[in-house]
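**Student:** Pasting in a structure now, in structure tokens, and then I'll have a few things to ask.
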Amino acid sequence: MASRECGVPIIGHRGCAQDAPENTLASVNLAWDQGADAVEVDVWLTRDGHVVAHHDETTKKTAGVDRRIVDQTLAELKSLDVGRWKNPKYAGERVPTLKEVLATIPDERRLLIEVKCGAEAISAIARDLEEVGTSRRQVVVISFYPDVVRESRRALPDVEAALVVEIRRDDTGGWSPPLEEIEREARKLGAQAVDLGYAPPLSKADVDLFHAAELKVYIWTANEPVRAAELRAAGVDGLTTDRPGELRAELCRV
């Protein structure tokens, strides 16, 4: 995921979540327009087997309808307005399918697909990639769930996979969970990367631990320019942010 400028690839979190309704085509396209090197979206399977982009388990936040994504059909989801909650100017935005999101990816840029349900989504993602004709090099499958990463590596061996982990400083000043434990788990799963929850910045030695194991290091969600610059100096391979255009401009100045 080579960055065109500013020294580190910038990944739009749920598109451009600061400015547009998350995980909508409006948000994804705004991130591309702002120069994001990649975009991250969250996906679920609908009741009738379609892969759709949405973060929460239910549509309560985005549409005011407290029903699980997995209990709704694609037609039911497409009837919902998931833009107005963010700003009236986005009224009418719909839950996009993964195929619709894949079709937006510009040349030389990438899409990170966070699987929020389970490993059963991988075969449907593979189907969508085939139908849209997306280059496997332009896609990364990421998940908190080891079985999703494992199944992605089995069914999509030419697609990069990353284990998502949230890390925090513990009472001793170390990382919880320990970075060595995360590295071992990722290698056991066959992952090519880890995607670590934003925390006090990793040191270069921390990042080198993963690089020595041939694992890339992505970070979410980095919105503060000072912290982002520290992570860039540590050698991370990508920064996921709600504000891709602004963070890119800020990093280019420091």
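The values are calculated or read from the model by the stated rules, or taken from the named source; none is laboratory data. From a predicted model like this one, the values you see are computed outputs, not experimental measurements. Virtual Cβ from ideal backbone geometry, glycine too; neighbours counted across all protein chains shown.
**Student:** So which residues in the range 120-144 are in contact with a strand residue (DSSP E or B) (Cβ under 7 Å, 6 or more places away or on another chain) and either assigned to a strand (DSSP E or B) or over 22 Å from D37 (Cα atoms) (or both), if there are any at all? Give the derivation first.
**Tutor:** Going residue by residue through the range 120-144, those that are in contact with a strand residue (DSSP E or B) (Cβ under 7 Å, 6 or more places away or on another chain) are 120-121, 124-125, 128-129, 138-144.
The answer is E120, A121, A124, V139, V140, V141, I142, S143, F144.
**Student:** Which of the residues spanning the range 17-31 are in contact (Cβ under 8 Å) with a residue 24 or more places away in the chain and either in contact with an Asp or Glu (Cβ under 7 Å, 6 or more places away or on another chain) or of a type in the set (D, E, K, R) (or both)?
**Tutor:** Within the range 17-31, A17, Q18, D19, P21, E22, N23, T24, L25, A26 meet the criteria.
Every residue, every condition in (1) at pLDDT below 95; (2) touching a helix residue (DSSP H, G or I) at 6+ places or on another chain (Cβ under 8 Å); (3) farther than 22 Å from G64 by Cα, yes or no:
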| site | (1), (2), (3) |
| --- | --- |
| A20 | no, yes, no |
| S27 | no, no, no |
| A31 | no, yes, yes |
| E40 | no, no, yes |
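**Student:** Which of the residues that make up the range 163-174 are within 22 Å of the chain's Cα centre (by Cα) and surrounded by fewer than 20 Cβ atoms within 10 Å (Cβ to Cβ)?
**Tutor:** Residues of the range 163-174 within 22 Å of the chain's Cα centre (by Cα): 163-168.
Hits for the range 163-174 are V165, E166, R168.
**Student:** Right, something else. Any idea which of (1) in contact with a Phe, Trp or Tyr (Cβ under 6 Å, 6 or more places away or on another chain); (2) under 21 Å from V148 (Cβ atoms) is the one R127 doesn't satisfy?
**Tutor:** So the condition that R127 fails would be (1).
**Student:** Please enumerate the residues belonging to the range 129-149 that are surrounded by 21 or more Cβ atoms within 10 Å (Cβ to Cβ) and either farther than 25 Å from P9 by Cα or not hydrophobic (A, V, I, L, M, F, W, C) (or both).
**Tutor:** Once the filter is applied, which keeps residues that are surrounded by 21 or more Cβ atoms within 10 Å (Cβ to Cβ) and either farther than 25 Å from P9 by Cα or not hydrophobic (A, V, I, L, M, F, W, C) (or both), the range 129-149 yields only S143.
**Student:** Let me ask something additional. Might you let me know whether the range 106-125 holds any residue that is free of Cβ contacts under 8 Å to residues at least 40 places away in the same chain, closer than 28 Å to D158 by Cα and surrounded by 16 or more Cβ atoms within 10 Å (Cβ to Cβ)?
**Tutor:** Yes.
**Student:** Of the residues E246, E230, E250, E183, which is farther than 27 Å from A17 by Cα, surrounded by 16 or more Cβ atoms within 10 Å (Cβ to Cβ) and not hydroxyl-bearing (S, T, Y)?
**Tutor:** On inspection, the qualifying residue turns out to be E183.
**Student:** Consider only pairs whose beta carbons are under 7 Å apart and that are at least six residues apart or on different chains; among these, list those whose first residue lies in the range 81-96 and is part of a loop (DSSP other than H, G, I, E, B) and acidic (D, E) and whose second residue is at pLDDT 95 or above and surrounded by fewer than 17 Cβ atoms within 10 Å (Cβ to Cβ).
**Tutor:** Every condition considered, the pairs that remain are D81/A91; D81/G92.
**Student:** Just one of (1) exposed (fewer than 15 other Cβ atoms within 10 Å of the Cβ); (2) closer than 28 Å to D19 by Cβ; (3) over 16 Å from the mean Cα position of the chain (by Cα); (4) among the acidic types (D, E) trips up E93, so point out which.
**Tutor:** (1)
**Student:** Run down V101, V70 and say which single residue is within 19 Å of the chain's Cα centre (by Cα) and either in contact (Cβ under 8 Å) with a residue 24 or more places away in the chain or surrounded by fewer than 16 Cβ atoms within 10 Å (Cβ to Cβ) (or both).
**Tutor:** Exactly one residue qualifies, and that residue is V101.
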